[in-house]
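What follows is calculated from the coordinates using simple rules that are stated; it is not laboratory data. Just so we're clear, the structure is a prediction, and the values are computed from it rather than from any experiment. All Cβ positions, glycine included, derive from the backbone under ideal geometry; neighbour counts span all protein chains shown.
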Amino acid sequence: MSTVRASDHGSLVVEVLRCTACRLCLHRKNVVIARGPASAPLMLVGEAPGECEDRQGRPFVGPSGQLLDRLLARAEIPPESIYICNAVKCRPPANRDPSPGELKSCRSWLLGQIRLVRPHVILTAGRTATTAVTATYGPMGVLLSHRDLVCRFCDQPIPVVPLYHPAYLLRRLHDKTSGPVFTDTVARLRRAWVGANSVTAVEEAETHVFH
Ligand code: URA
C-alpha cells in the first residue's frame, strides 16, 4: 500500500494520477478520483468506476450516477455539498468486483481523501464501499441495519450511513415492489444531510462562543 504524503487535495490528485500500485493501471483510460468540492460536509463513497466513469474520468456519471443524482435531488442535497468518490480509483475490467488486493492498494488514497475532506457524515454505496470505510463485514441487509457505523480513519470517528448501491436500485427501478427501497434510500440521504448540517451548526456555535 502506498503512503499518502499530500497535505492538500490538489497534491493528492497529482499523486493518485501517477499510481501504478496494482494491475488496474494497465487497462485504465483515466484515474477516477472525485467530483464535488473537497470542502463538502458530506462524502459519498462508491465501489469502483464503470465504463462511462473510466472514459470521462469522473465518478458516477453513467446510468447509476444519473439515478444517484436524482436521489440526491429528491433528498434536497445540493450538488455543491457532496464530495463523491470510490473505494477503487481505476475501472476493473468488464466491471468485475475489485479484488481484495486492489482494494488494499487503493486504500491509502481513500484514507487520504477522507482525511483531507474531513466530511461530517459519510454515505457508502453498497457492501464493498461500506466495508472499505468501516471495516465492518456482512451482507448488505445486515450492514443497512447497523445504526452506529463509523469511519475511524481520522482522530474523531465519522458517522457512516450505508445505502443500497445505485446500480442495484437501477435494476429495481421498474419493479413495482421496490417503492420502500427507494423511500428508505431517500430517507437515509436526508438523515445524512441533516446530520452533516447539525454538526456544522454545533461547530459554528462553538466557534462563536470560544473565539
Ligand atoms: N459505480 C460505482 O461504484 N462508482 C462509480 O463511479 C460508478 C458506478
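Could you give me D for the chain, from Stokes-Einstein at 10 °C and 1.306 mPa s, where the hydrodynamic radius is the Kirkwood radius over C-alpha pairs? Units µm² s⁻¹, please. Estimated via Stokes-Einstein, D reaches 91 µm²/s.
Taking other C-beta atoms within 10 angstrom as a stand-in for reagent exposure, Thr124, Thr177, Thr20 fall in the order Thr177, Thr20, Thr124, fewest first. List the lysines whose Cα sits under 18 Å from the Cα of Lys104, skipping any in the same chain fewer than 8 residues away. The qualifying lysines are Lys89.
Residues whose amide H lies under 5 Å from that of Asn86, counting only those 5 or more places away or on a different chain, are Gly46; hydrogens are built 1.01 Å from N in the peptide plane. Working note: 222 nm ellipticity from helices only, DSSP H runs with n ≥ 4, each -39,500 (n - 2.57), summed and divided by the residues of the chain, gives -14500 deg cm²/dmol to the nearest 500. Which number comes out as Rg/Rh for the range 125-186 once both Rg and the Kirkwood Rh are worked out on C-alpha atoms? That ratio is 1.03, to two decimals. For the charge dipole of the chain, defined by +1 on Lys and Arg C-beta atoms and -1 on Asp and Glu C-beta atoms about the Cα centroid, which residue among Val45, Leu169, Thr183 has the Cα displaced farthest towards the positive pole? It is Leu169, whose Cα lies furthest towards the positive end. Derived scalar couplings between HN and Hα for the range 45-55 equal 10, x, 8, 7, x, x, 4, 5, 5, 4, 5 Hz in order, rounded to whole Hz, by the Karplus curve 6.51 cos²θ - 1.76 cosθ + 1.60 (θ = phi - 60°), x for Gly and Pro. The GluC sites (Glu not before Pro) of the range 24-87 that DSSP puts in a loop, and whose beta carbon has at most 13 other beta carbons within 10 Å, are Glu76. Sequentially through the range 110-122, phi angles give Karplus couplings (6.51, -1.76, 1.60; θ = phi - 60°) of 4, 4, x, 4, 5, 5, 7, 6, 6, x, 7, 9, 10 Hz, Gly and Pro residues having no value and appearing as x. Here the Karplus curve 6.51 cos²θ - 1.76 cosθ + 1.60, taken at θ = phi - 60°, turns the phi angles of the range 88-105 into couplings of 10, 8, 10, 6, x, x, 6, 6, 5, 5, x, 7, x, x, 5, 4, 5, 4 Hz, with x standing for Gly and Pro. How many angstrom lie between the C-alpha centres of the range 1-55 and the range 122-175? Centre-to-centre (Cα) distance: 19 Å. Annotation: the residues Leu44, Leu189, sorted from fewest to most other C-beta atoms within 10 Å of their own C-beta, follow the order Leu189, Leu44. Once backbone amide H atoms are built at 1.01 Å from N, Val150 has Val160 as its partners under 5 Å, excluding neighbours fewer than 5 places away on the same chain. Counting only DSSP beta bridges with both residues in the chain, the antiparallel share comes to about 20 percent.
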